[in-house]
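The values are calculated or read from the model by the stated rules, or taken from the named source; none is laboratory data. Predicted model, so just to flag it, every value in this text is computed and none were measured. Counting neighbours? That spans all protein chains shown, and the Cβs are built from the backbone with ideal geometry, glycine included.
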Amino acid sequence: MILYTISPVNLMRTLTMALDLAVDGINLHQKRVAIMCGYISEKMGLKPQDEQALLSAALMHDIGAASFSDERKRLANPHYLGRPMEIFVHAENGYILLKDSEPFSSIAETVRHHHDKWSGGNPSGLSGDQIPLHSRIIHLTDRVDINIDKNKQILSCRDDMKKMVKANQGRIFDPMVTDVFLECADKESFWLDLNIPDYVNTFQSRMNLGGAPYTMKDLLKIAELFATLIDRMSRYTATHSRSVSGVAVFLAKLSGFSDSELELMKVAGLLHDLGKLSIPNTILEKPGPLDADELLTIRQHTFFTYRILSQIEQMDTVAAWAAWHHETLDGLGYPFRLNANDLTLGARIMAVADIFVALTENRPYRKKLSQDVVERIMRDMVKNRKIAANIVDNLLSNYKLAEEIVLSQENWTQPPTIMEV
Ligand SMILES: [Fe+2]
Ligand SMILES: [Fe+2]
Ligand SMILES: [Fe+2]
């Protein structure tokens, strides 16, 4: 039995990279909020485990919007005048995603209230110090980051930001947190650190003190959470990651993988499309054919999957199994242009599982394909040296069982997405 001990800090760092992939909207925003939270926590003298909880929540506070590129863009705009309650939607969605997802369930409440106003009038009914302290800290630092004019020299924004926060002290922001912020804001370093969002790592490394290592069980839970985020990006792929994971594990079992390898395969399947978080929903949901640029954008996703997962310790194998599913045996796949010499059995299995699931799912531009058509397409791909013959043989001789895995996922429902609060 292999023991996986993954440092929570490292995993958090890695996964927030996935959440920051969005090319527009709130990218890097959560890291900057975490940096400010680190300053405030230090000034307030929070205990290491409280600081860890605060920074984790800061790094994931907008997770409820991660699957929706329009919402991410709206959140980044300080002048957006939507319906007054709209800002609470992603906070509630974040709470729903996190509350049952150990090991993050402890930050769910913080995320839920990160837009609650100190003076009340919130959908939660909370006001003042009924609102969790960590939510109050994230709320203030979040508004600061969103209101900073990113086109200006950052130090020239300092006075405006102090004025904005002061003007809302006791109304939108906690008076005590406001005072701590104003003290921190005097330091130039507080602002200059925001220009290097990766400085968050320095704060995070302090968190090593607090957290027990994650186990495989934790990793599976986290992988499921991210699979949900990935799959809710499009109503056409609501269960894609879970289905690919199921079929890949099934094929790996037929190939004689050990129990611990099967667990890794499950994680790899759940996360194989992790990099899709970088693709705007409009592309993923486009009913017609994609134009050249859209195709290039879509094709980036496995590159990001690899770059993110390969940073987690002991997860090199998972990264390769997950991210090489668009590489082909003839060396003409992407993005690493690997070939038959490089592609391990696990990677070959994932490619076959992904194609099978894609063909047996309904898509915006076509219905799911029949067994005859699926068989013909996959045999052709074998003939053209795209995918592995032995794995395709295994799959096609167990077609009904594999199809059942995909069908059974259709009973799994996404956690509800709240559109109105
Ligand atoms: Fe937010
Ligand atoms: Fe935010
Ligand atoms: Fe993919």
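Observations
- Every pair of residues 6+ apart whose Cβ atoms lie under 6 Å, when the first sits in the stretch 252-273 and is assigned by TED's automatic domain parsing to the domain that holds Pro335 and free of Cβ contacts under 8 Å to residues at least 40 places away in the same chain while the second is among the β-branched types (Val, Ile, Thr) and buried (at least 19 other Cβ atoms within 10 Å of the Cβ): Leu262/Val249
This table checks each residue for (1) among the hydrophobic types (A, V, I, L, M, F, W, C); (2) farther than 17 Å from Asn201 by Cα.
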{"site": "Gln52", "(1), (2)": "no, no"}
{"site": "Ser56", "(1), (2)": "no, no"}
{"site": "Ala76", "(1), (2)": "yes, yes"}
{"site": "Ile87", "(1), (2)": "yes, yes"}
{"site": "His90", "(1), (2)": "no, yes"}
{"site": "Leu97", "(1), (2)": "yes, yes"}
{"site": "Pro103", "(1), (2)": "no, yes"}
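- Among the criteria (1) part of a helix (DSSP H, G or I); (2) farther than 15 Å from His240 by Cβ, the one Val357 does not fulfil is (2).
- In the stretch 96-113, the residue that is surrounded by the most Cβ atoms within 10 Å (Cβ to Cβ) out of those that are part of a helix (DSSP H, G or I) and in contact with a Leu (Cβ under 7 Å, 6 or more places away or on another chain) is Val111.
- One residue alone among Thr302, Thr297, Thr237 is within 15 Å of ligand 3 (Cβ to nearest atom) and free of Cβ contacts under 8 Å to residues at least 24 places away in the same chain, and that residue is Thr297.
- Residue match in the stretch 46-56 (condition: modelled with pLDDT of 85 or more, assigned to a loop (DSSP other than H, G, I, E, B) and not assigned by TED's automatic domain parsing to the domain that holds Ile279): yes
- Pro78 vs. criteria more than 16 Å from ligand 2 (Cβ to nearest atom), out of contact with any His (no Cβ under 7 Å at 6 or more places or on another chain) and either at pLDDT below 95 or not in a helix (DSSP H, G or I) (or both): no
- Taking the criterion of being at pLDDT below 95 and of a type in the set (Lys, Arg), the only residue of the stretch 368-421 that qualifies is Lys368.
- For Ala22, the conditions (1) modelled with pLDDT under 85; (2) closer than 20 Å to Asp174 by Cα all hold with the exception of (2).
- Filtering the stretch 376-395 to residues that are farther than 11 Å from Leu251 by Cβ and touching a helix residue (DSSP H, G or I) at 6+ places or on another chain (Cβ under 6 Å) leaves Met378, Val382, Ile387, Ala389.
- Evaluating Ser234 against the criteria (1) surrounded by 18 or more Cβ atoms within 10 Å (Cβ to Cβ); (2) closer than 26 Å to Ser7 by Cα leaves one unmet condition, (2).
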